[in-house]
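Notes for the one structure printed next.
Just so it is clear, none of the values below were taken in a lab; they were calculated from the coordinates. Keep in mind the model is a prediction, meaning the values are calculated, not measured. Backbone-built Cβ (ideal geometry, glycine too); neighbour counts: all protein chains shown.
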Amino acid sequence: MLVRDIMTRPVVAIGPEEPIADVIALMLQRRLRHFPVVADGELVGIVSDRDLRSVGSDHPAAKPGVAARDPVRTLMTTPVWTAHPSDPVDEVAALLRRARIGAMPVVDDDELVGIVTASDVLGALVAMTGVDAGTTRLEVEVPARQGVLADLLRRIADEGAEVASVLAHRDGDDVIRYVLRLASIDIRAIASNLDANGFEVIWPPLESSESTSS
Amino acid sequence: MSRPTVAFVYEASLAQWRLSPDHPFKPERLALLEDLLREGGILEADEIVPPAPLADGELAAVHTAEYIAMVERVSRGERPDEALAYGLGTADTPVADGLHDDVADVCAATATAVQLVVDGAVQRAASFSGGLHHAMPDRASGFCIYDDLAVGIHRATRAGLRVAYLDVDAHHGDGVQRSFYDSDQVMTISVHESGRYLFPGSGHTHEVGSGAGRGWSVNLPLEPFTEDDSYLEAFDTLVPRALEAFAPDLLVVQAGADPHRADPLAHLALSLTGLRAVYDRVVELAEHHTAGRLVLTGGGGYAAYDVVPRAWAQAWSSLSGRPVPDPLPDAWRRRWHERLKVEMPAGALDEADVRPQPQRSRIESHNRAVARRALRVLEMIWAERHAEAEPSDERTTTSKEATS
């Protein structure tokens, strides 16, 4: 999934000479939290709701000497972290966290084409987990080795189930845990196949032989 | 009050179709149930009502024309590649000749049960072949081809009734919820094992309905291994209050038997005693909120011989007010043991479960928190709806239709 699939557009941009008070009014009216600042068609800065709300206050983060009647260029942050429409969503998620910011303007050929927020990214990541798509959870643990995921997916395909999503994380150096969502209501055959072939099935609970009678 | 009048919508063919030879969804369990009720002396011949065929357009009110056409094609023996896009021909919903007619009959059975209650012919009607709550408007899913519940509910709404749908299957009732998500004539309530662990993955508390239906979808996702007491506590926290807020005319219950602890496809841990307590509550709730009008269907239930007939015998007992004989009739056990070559249960209820449940207190407290949180959010929405529906004195003078 790419930034262009999840970004918000059109984006509400402002000019650098815009009085801060007007931008605050716009923020409250449109319920937006980030405003790219554009001069002569070029992105020159960004202001956030936190910058705007602290103007004129005694808050330690407030920029000294900036008042609500001043132009927004006196308040904006520059330079700006930007994303490209074809950046992968997971990279953008990592960058938002590392830079400790809530949104990035999306720029293509020097042109501002959208904005991508932490909330957009979270929504995309939730969708990637496959939750809500008519699916059943399968969770397995397996020693890390080459080809293990291919083996896992082949065994699932052989049982005729469709894979909606795969998440993986390392449990220590030698073990990988996979959480999959399968588009199937009955995954008992898959679970016992995996159990018999070196995968530790964390979910679903494997059935005891007595309950298979009916 | 005189004996409640009840109907058992059934004919032998409803127990004779199958999705595939070894499929876990076994309509055959209906034959075991009917035989158990007859042999046990708690079902009278004149209470058995055969399904009346659907009218033209009743399936099409729930499912898309393209989807119905595809089901009809595969039922004639065609196997087009495009069928897969409709969820047909998968491991869950394999296709077989005659499928369309078989499942349309199930829809007819549930619609007949609804009609009997809507007409006042009986107070309570059961359609145990029904309960296909995963079928989507345009797609088969989770063993379900057509949604008999939505077909039946439409019968009632067309007659002007407000319908509360309560789904106690272990799986979320996603198909029925989808069909009525925007409706202010139908409330759907589903109590199920959390979608974090179980198919179909949905049924979160934040799924509350949208548009005109906002507040009228209610979801109570419970932890795996939830036992009787915790289930009933969470149920009692949310369900009666939801019915009170909606004020329905008819209660339709999907009584899947898979919350039972022996069910191989789900992980709730109710006993038959717990299921019986749910069925008794359902009857009480109907007495209290819908003048007794109650339709109850089957649903999931994959311990098809050991658990399902006994669970639904308890449901029928709640509806009819007649006790299930305990121990179960010998003749019934012998007959089905011979036919199926499996051990048939002797007691009407389970033996005590002595397995340790180390997570019990964590599960109980989690379920309690989920039920309360769901109720808190819904109460706010219901209060908003209430305020909109009943304008203040000043506004009534300017807007008369708002109060009608």
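At-a-glance table
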item: Ranked list, fewest to most other Cβ atoms within 10 Å of each Cβ, for B:26, B:341, A:63; result: B:341, A:63, B:26
item: Placed amide H near residue A:106: partners under 5 Å, 5+ positions off or other chain; result: A:83, A:113, A:114, A:115, A:116
item: Rg followed by Dmax, in Å, when chain A is reduced to its Cα trace; result: 24.5, 79
item: Evaluated over the stretch A:61-170, the Cα radius of gyration and Dmax, each in Å; result: 21.2, 68
item: Å³ per residue enclosed by the Cα convex hull of the protein assembly as shown; result: 215
item: Between the stretch B:53-105 and the stretch A:32-59, the Cα center-to-center distance that results, in Å; result: 56
item: Dmax and Rg, reported as Rg then Dmax, of the stretch B:107-263 (C-alpha, Å); result: 14.6, 42
item: Ranking of B:187, A:76 by count of other Cβ atoms within 10 Å, fewest first; result: A:76, B:187
item: Whole-angstrom gap from the stretch B:168-231 to the stretch B:285-311, using each part's C-alpha centre; result: 17
item: Cut-off 12 Å between beta-carbons: net charge of the residues surrounding residue B:378, Lys and Arg +1, Asp and Glu -1; result: +2
item: Computed lengthening from residue A:202 to residue A:128, 0.36 nm per intervening residue step minus Cα-Cα distance; result: 24.6 nm
item: Rg(Cα)/(2.2 N^0.38 Å) for the stretch B:306-387, N = residue count; result: 1.77
item: Built amide H within the under 5 Å cut-off of residue B:296, gap 5+; result: B:125, B:126, B:127, B:253
item: Label-point gap, in nm, between residue B:352 and residue A:158 - each point 7 angstrom along Cα→Cβ; result: 4.6
item: For the stretch A:1-105, Kirkwood radius (reciprocal of mean inverse C-alpha pair distance, Å); result: 14.5
item: Cα centre as origin, Lys/Arg/Asp/Glu Cβ charges: chain A dipole, Debye; result: 680
item: Among B:161, B:222, B:88, residue whose mean-square fluctuation peaks in a GNM of chain B (springs only between Cα atoms under 10 Å); result: B:161
